[in-house]
Amino acid sequence: MPLEAGLLEILACPACHAPLSEQEAELICTGQDCGLAYPVRDGIPVLLVDEARRPA
Ligand SMILES: [Zn+2]
C-alpha cells in the first residue's frame, strides 16, 4: 500500500534528518553514513531508531 502522496516529502530520518526513500515495506534513509531502514506497519511509518533495521 503506497503511502499518502506528499507524506514522504515531510518525513525525515530521526537519526540524521536525511530524506527517506520508500522501498517495498520500508522507508530507507538516504543519508550516506546512516542508511537505516524503518518499517511501515499497516501503512504507518514507524520512525523510531530503536525499530529501524541497520544496514548490512
Ligand atoms: Zn538516517
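The values are calculated or read from the model by the stated rules, or taken from the named source; none is laboratory data. Not measured: the values here are computed from a predicted model. No Cβ is skipped: glycine too gets one built from the backbone with ideal geometry, and neighbour counts run over all protein chains shown.
Quick rundown of the values:
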| item | result |
| --- | --- |
| Boolean, GLU4 is more than 8 Å from the ligand (Cβ to nearest atom), modelled with pLDDT under 95 and within 8 Å of the chain's Cα centre (by Cα) | no |
| Selection within the stretch 32-56 - in contact with a Leu (Cβ under 8 Å, 6 or more places away or on another chain) and assigned to a loop (DSSP other than H, G, I, E, B) | GLY43, LEU47, ALA52, ARG54, PRO55 |
| Qualifying position, being β-branched (Val, Ile, Thr) and touching a Gly at 6+ places or on another chain (Cβ under 9 Å), among ILE28, ILE10 | ILE28 |
| Filter pass, LEU27 being under 8 Å from the mean Cα position of the chain (by Cα), part of a loop (DSSP other than H, G, I, E, B), under 19 Å from GLU4 (Cβ atoms) and not polar (S, T, N, Q) | no |
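Every residue, every condition in (1) surrounded by 15 or more Cβ atoms within 10 Å (Cβ to Cβ); (2) among the small types (Gly, Ala, Ser); (3) over 15 Å from ARG54 (Cβ atoms); (4) within 13 Å of the ligand (Cβ to nearest atom), yes or no:
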{"position": "GLU9", "(1), (2), (3), (4)": "no, no, yes, no"}
{"position": "ALA15", "(1), (2), (3), (4)": "yes, yes, no, yes"}
{"position": "LEU20", "(1), (2), (3), (4)": "yes, no, yes, yes"}
{"position": "TYR38", "(1), (2), (3), (4)": "yes, no, no, yes"}
{"position": "ARG41", "(1), (2), (3), (4)": "no, no, yes, no"}
